[in-house]
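The values are calculated or read from the model by the stated rules, or taken from the named source; none is laboratory data. For clarity, every value in this text was computed on a predicted model and none was experimentally measured. Glycine gets a Cβ as well: all are built from the backbone with ideal geometry, and neighbour counts include every protein chain shown. We work out accessible area using only protein heavy atoms, side chains counted, and drop any ligands, DNA or RNA first. Shrake-Rupley method; radii C 1.70, N 1.55, O 1.52, S 1.80 Å.
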4 protein chains.
Amino acid sequence: MIKVGIVGGTGYTGVELLRLLALHPEVELRAITSRKEDGLPVADLYPSLRGRVNLAFSAPDKADLTQCDVVFFATPHGVAMAQAPALLAAGVKVIDLAADFRIKDRAVFESTYKIEHTAPELLEQAVYGLPELNREDIAAATLIANPGCYPTTMQLGFVPLLKAGWIDASHLIADCKSGVSGAGRKAEIGILFSESSDNFKAYGVGGHRHTPETAAQLQRYTEQKVGLIFTPHLVPMIRGMHSTLYARLTREVSNEELQQLFEDAYREQPFVDVLPFGSHPETRSTRGANVLRLALHRHGDTVIILVVQDNLVKGASGQAVQCMNLMFGLEEGLGLQTIALMP
Amino acid sequence: MIKVGIVGGTGYTGVELLRLLALHPEVELRAITSRKEDGLPVADLYPSLRGRVNLAFSAPDKADLTQCDVVFFATPHGVAMAQAPALLAAGVKVIDLAADFRIKDRAVFESTYKIEHTAPELLEQAVYGLPELNREDIAAATLIANPGCYPTTMQLGFVPLLKAGWIDASHLIADCKSGVSGAGRKAEIGILFSESSDNFKAYGVGGHRHTPETAAQLQRYTEQKVGLIFTPHLVPMIRGMHSTLYARLTREVSNEELQQLFEDAYREQPFVDVLPFGSHPETRSTRGANVLRLALHRHGDTVIILVVQDNLVKGASGQAVQCMNLMFGLEEGLGLQTIALMP
Amino acid sequence: MIKVGIVGGTGYTGVELLRLLALHPEVELRAITSRKEDGLPVADLYPSLRGRVNLAFSAPDKADLTQCDVVFFATPHGVAMAQAPALLAAGVKVIDLAADFRIKDRAVFESTYKIEHTAPELLEQAVYGLPELNREDIAAATLIANPGCYPTTMQLGFVPLLKAGWIDASHLIADCKSGVSGAGRKAEIGILFSESSDNFKAYGVGGHRHTPETAAQLQRYTEQKVGLIFTPHLVPMIRGMHSTLYARLTREVSNEELQQLFEDAYREQPFVDVLPFGSHPETRSTRGANVLRLALHRHGDTVIILVVQDNLVKGASGQAVQCMNLMFGLEEGLGLQTIALMP
Amino acid sequence: MIKVGIVGGTGYTGVELLRLLALHPEVELRAITSRKEDGLPVADLYPSLRGRVNLAFSAPDKADLTQCDVVFFATPHGVAMAQAPALLAAGVKVIDLAADFRIKDRAVFESTYKIEHTAPELLEQAVYGLPELNREDIAAATLIANPGCYPTTMQLGFVPLLKAGWIDASHLIADCKSGVSGAGRKAEIGILFSESSDNFKAYGVGGHRHTPETAAQLQRYTEQKVGLIFTPHLVPMIRGMHSTLYARLTREVSNEELQQLFEDAYREQPFVDVLPFGSHPETRSTRGANVLRLALHRHGDTVIILVVQDNLVKGASGQAVQCMNLMFGLEEGLGLQTIALMP
């Protein structure tokens, strides 16, 4: 059994980790930290876990996380970089669901997140946790930077085309839509029910933090300079992410060749589902499940890729568990077989 | 033109007052105060008002509210009682949308709201602003205690039966359901979209602040001791309130007599709509409109009254404007003719 | 492995059965019938099942259901009664999720559902599938009448009090609220998104079909004549049911005794969760999970019981699988361990 | 007073016309036809109109529409073309909210809508009812083709740039999102609450009927061949439309020049609101109001235009009333002053 600790278990990625790990046959939950909720049974905050998770939150200083085999950080940016060095030194593997180790370039990180990086020596060692593109490195890693939710959809949508060299990498458009849980469990006016229900808006156009992460990752697959326009929007639904990606072809390819390219790219990937050409995937077909589904469309020389996932599962906690499985030599899908809730 | 000031214009009842008053033909908006948003144009906070309301918020100490003919308090409990005495002394009429003057018994008020009442001398003078039951007093009043949203539905549903003496007043059940805007525009986890969407729950069972207000008002219409069980629930919708009221008949009456009782009670009331016996009113039939609709059902000796309204209009700001019209001798429905938005 | 057939797999209880059974370790799905969708892969209609369910729908006459060990009917009322006799004769167990065998009294059934009962000889043999009240009979049964969703909440809420003889059975009030999926997957105007979103209403007050079923079941636990007022409401959420139950105590009992009564009643029941006295259970704490949670409140001589469940799981398909497990001597919770999705 | 008839009053654009016209000071509603609801009081179908609209639906053959000054067609495609010729011959003005007269090229119309055009002789005479681009023609028209909801946003967003000649017209991308009411009041599975709530998807990618209408209109403002990629999506909200438009600049312009271009274009337009550069308009800021709001963003050589409106008001019925006002020489905004409902 893998002994697991979670730092910051009160947010949405934290409770989602609990939901997945409570049913994982090879996991033993050892500690869940929360400074604010010290002593509170986890199931009191999340009654959905009554009878399933019997732990209480413990203050960070009371939890001996060095007894764990792996520690997940489901925290705001900046926490993992402070605690990871000691854990790694004690032989504990670390999976960070925040951004601390996602961007290799320290200067870009610091200008993007407006905080100083306090563990820059770990940036090189950290492995970007997107199994479909990085499986071998993840299996060998001790420190994982779990990808952002938006970046997961953009990479799995664009990379096959970039690798093939079929599109103009300098003008990629990603028009993305996310459910409100992506904004986290924070007491903010803008994500109140009465503010975000029955409403739709874009936000952070031109300056979302996921742009540098995605651009840097996409750059790995092309020699052309990547130009990415990323427009996030807020959808009045709890979970779910839909990315509508536009790229211009730079050579003649048929729709069949496009479809074949994606099917070949993802045939062996258990958690990526390529739908028939011209399909319209719905976010609800992934609700609660660790799966990303995509479909291709075509308009003249423009390819349109529709990508959906549950932002809290394949876009966050499910992906983190997928990485954990790889890191510990387990079957990649262990504990991740839940089927999407529909309706 | 009536010169109007609003204290606390940033909450939902405040912006709803602005929506109604901006189109009121006899109103001139003079000042809207907000300590926090001093100097901010109202339309920057509420873009729905762009081009319609050109005022900026001003800090309370900068606004000379004594120049107004009437001041609305769309504030948390405790603010109106602090400022009303000076305004009244200056000849300004006051309409309080909070609870400061709703409960005549100071001790009950203080134990219910956990604050000291600092203007107890005004409690007697304050008029409870429910025009359908209190029209003449409102017309003559200088200080209005605007009713709570839940109490409005419970009173307009139970009072005809209490007046007639047909029901057992000692065992009234009000199973009430409110949209989330009733909880106000506050940064609280519990009313986040991701917490209250796709969810339903009761809250405050046995101890909601609207119970003493309602019980005291109902008591005015019966000599029997009123016993009221009030169970509020939170519905995943923005606006709307549905109260399902249960009372046991103490004498033989036919369904026709029941229906007649209510039709007689409200025939002359422009903002109460009695539907045919056995109807199922929907909250959306009142969305944005100053109207309360109700319908009667019967099961053996139990009468069931279904009551709907928009909690922010007939349940708050619309009712306040209705009171203002009466206080200034205007046609009662002036500025209140908007039709419900459906769908 | 149990060979399972499903008649009527296109509705919401059908797809929910598929979600649960696809992951059940002792089940082999053999046939799913649909006259309309004959030949269509199940996963084309429900992409959430892509890669998990490889069956196609087959027309009823093509599917040899007599090869199955058990057949679930997720059909409109009237279908199971037509097909069950032949299946039972062939030694196949039958679990009907519709109402065909829920009401023992044929005349009451026929007047309630407005159809003739074509297999009245099976009414006596059919076992009402509420395991918490009926476990032994279910284990021995060949024909199960799976309870309605509302009746499940009303029975599990009222029965401990009826058995104890502490309440006035002649005046029970059940003010119930259901998510829209309870209305089924039917092309009807009233349950369109644009009609039922941001809206709340009662429906079927005084005449809902679940009243006779519930009253007859409750009657089994008291010698007093049961009087039940049942008021269903429609909540703008997909899944979830919240029943607010009111009963008057006929003797002196303390809150502690009340709580103890329920804890004793459900201590050994894996799928009923009694919360601390005075709690407010939320429907989302059961979303997707086979669990019913309840909490007690008290107001004078009135007990208020708040009950929540997922109408499609503990209220329908999960309960049916729970019955199947009992009928085949399996662990009662097999395949039913999924944790509620929250947020 | 203008005598008004409505053909097809049971759908969402029909009831929205009723809401607006019932409060219009110069309108007298004379007839509302519905074959199916003949004789039913309008307020029985739409209780929001109780006390405001006293007409009953009448069968088409019973309503003498030739007594009207103007007739609105809030019908499916194909109805207006059948009835308009006789009405026009009788001197009645016609405003069609469907597509019958939107596309001048009969062949394109017929291949897009899959029906034969039975009044092709009126195509030339019909005026496209977008007042901001076409005011004079509308004022002189007797037959109006009211624009589609999506096309309204695309035209008002792209046209200033096309007129200026600053963008590459051959590669315009419109990523558009609509509330569910845009799909109409039809009994269809796909728009049930349980299917479209808590969900997001694209639909009709590559083949939506609004593409030819929009492309043809945009073509009027540029000599370059217009290339338009239009991707519609369904948002789980009732009303509201958000179009995210992308165009590439073909010359050097500053953000200030861009902003100035739009402010100049719409300064005199009462129902188009240009927000400050870099704003994020929300659909709810237009809920129920006849206004379109837009804001500009910039990413390198790409201009991003965010456009919002209420699809039933400025996107349909409100625009139709705006046209009516112009056709009858009334003040353009008469009856259209309602402020958006927020929250």
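Tabulated values for the structure
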| read-out | value |
| --- | --- |
| One residue from C:E28, C:E16, C:E37 being assigned to a helix (DSSP H, G or I) and acidic (D, E) | C:E16 |
| Residue under evaluation B:F57, criteria (1) more than 25 Å from B:L130 (Cα to Cα); (2) surrounded by 18 or more Cβ atoms within 10 Å (Cβ to Cβ); (3) within 14 Å of chain D (Cβ to nearest Cβ), criterion not met | (3) |
| Residue selected from region B:172-209 under the condition touching a residue at least 12 places away in the same chain (Cβ under 8 Å) and hydroxyl-bearing (S, T, Y), by the criterion farthest from the other protein chains (Cβ to nearest Cβ) | B:S178 |
| Breaking point among (1) touching a helix residue (DSSP H, G or I) at 6+ places or on another chain (Cβ under 9 Å); (2) at negative phi; (3) free of Cβ contacts under 8 Å to residues at least 24 places away in the same chain, for B:G278 | (2) |
| Counted residues, region B:206-248 - those being on the phi > 0 side of the Ramachandran plot and either over 20 Å from the mean Cα position of the chain (by Cα) or surrounded by fewer than 19 Cβ atoms within 10 Å (Cβ to Cβ) (or both) | 1 |
| Those residues of region B:65-120 which are β-branched (V, I, T), closer than 23 Å to B:M1 by Cα and not in a loop (DSSP other than H, G, I, E, B), in sequence order | B:T66, B:V70, B:V71, B:V94, B:I95 |
| Failed item in (1) buried (at least 16 other Cβ atoms within 10 Å of the Cβ); (2) over 18 Å from D:K177 (Cβ atoms); (3) within 10 Å of chain B (Cβ to nearest Cβ); (4) over 16 Å from the mean Cα position of the chain (by Cα), with D:R284 passing the rest | (2) |
| Checking B:N134 against (1) out of contact with any Pro (no Cβ under 8 Å at 6 or more places or on another chain); (2) open to solvent by 50 Å² or more (accessible area, probe 1.4 Å), the condition it does not meet | (2) |
| Residue in region D:133-154 that is acidic (D, E) and assigned by TED's automatic domain parsing to the domain that holds D:R220 present | no |
| Number of the exception - A:D310 against (1) touching a residue at least 24 places away in the same chain (Cβ under 8 Å); (2) touching a Gly at 6+ places or on another chain (Cβ under 8 Å); (3) among the acidic types (D, E); (4) open to solvent by 20 Å² or more (accessible area, probe 1.4 Å) | (4) |
| Subset of region C:267-308 (residues that are among the polar types (S, T, N, Q) and farther than 19 Å from B:S194 by Cα) | C:Q269, C:S279, C:N290, C:T302 |
| Positions within region A:265-275 being surrounded by fewer than 18 Cβ atoms within 10 Å (Cβ to Cβ), touching a residue at least 12 places away in the same chain (Cβ under 8 Å) and among the acidic types (D, E), in sequence order | none |
| Which numbered condition D:E116 misses (of (1) in the same structural domain as D:E252 (by TED's automatic domain parsing); (2) among the charged types (D, E, K, R); (3) open to solvent by 40 Å² or more (accessible area, probe 1.4 Å)) | (1) |
| Test: residue in region C:76-96 that is of a type in the set (S, T, N, Q) and buried (at least 22 other Cβ atoms within 10 Å of the Cβ) | no |
| Flag if B:F73 is surrounded by 19 or more Cβ atoms within 10 Å (Cβ to Cβ), more than 17 Å from B:M324 (Cβ to Cβ) and touching a residue at least 12 places away in the same chain (Cβ under 8 Å) | no |
| Residues (of a type outside the set (A, V, I, L, M, F, W, C) and away from chain B (no Cβ under 14 Å)) located in region C:287-314 | C:N290, C:K314 |
| Residue within region C:97-111 that is free of Cβ contacts under 8 Å to residues at least 40 places away in the same chain, among the basic types (K, R) and surrounded by fewer than 24 Cβ atoms within 10 Å (Cβ to Cβ) present | yes |
| Some residue of region C:152-174 being under 30 Å from D:I191 (Cα atoms), open to solvent by less than 10 Å² (accessible area, probe 1.4 Å) and under 16 Å from the mean Cα position of the chain (by Cα) | yes |
| Region A:35-54, residues that are surrounded by fewer than 17 Cβ atoms within 10 Å (Cβ to Cβ) and either among the β-branched types (V, I, T) or within 15 Å of A:L21 (Cβ to Cβ) (or both) | A:N54 |
| Scan of region B:1-49 for residues that are among the basic types (K, R) and out of contact with any strand residue (DSSP E or B) (no Cβ under 6 Å at 6 or more places or on another chain), ordered by number | B:R19, B:R35, B:K36 |
| Number of positions in region C:121-131 that are in a loop (DSSP other than H, G, I, E, B) and open to solvent by less than 30 Å² (accessible area, probe 1.4 Å) | 4 |
| Which numbered condition C:Y221 misses (of (1) touching a helix residue (DSSP H, G or I) at 6+ places or on another chain (Cβ under 7 Å); (2) within 20 Å of C:L306 (Cβ to Cβ)) | (2) |
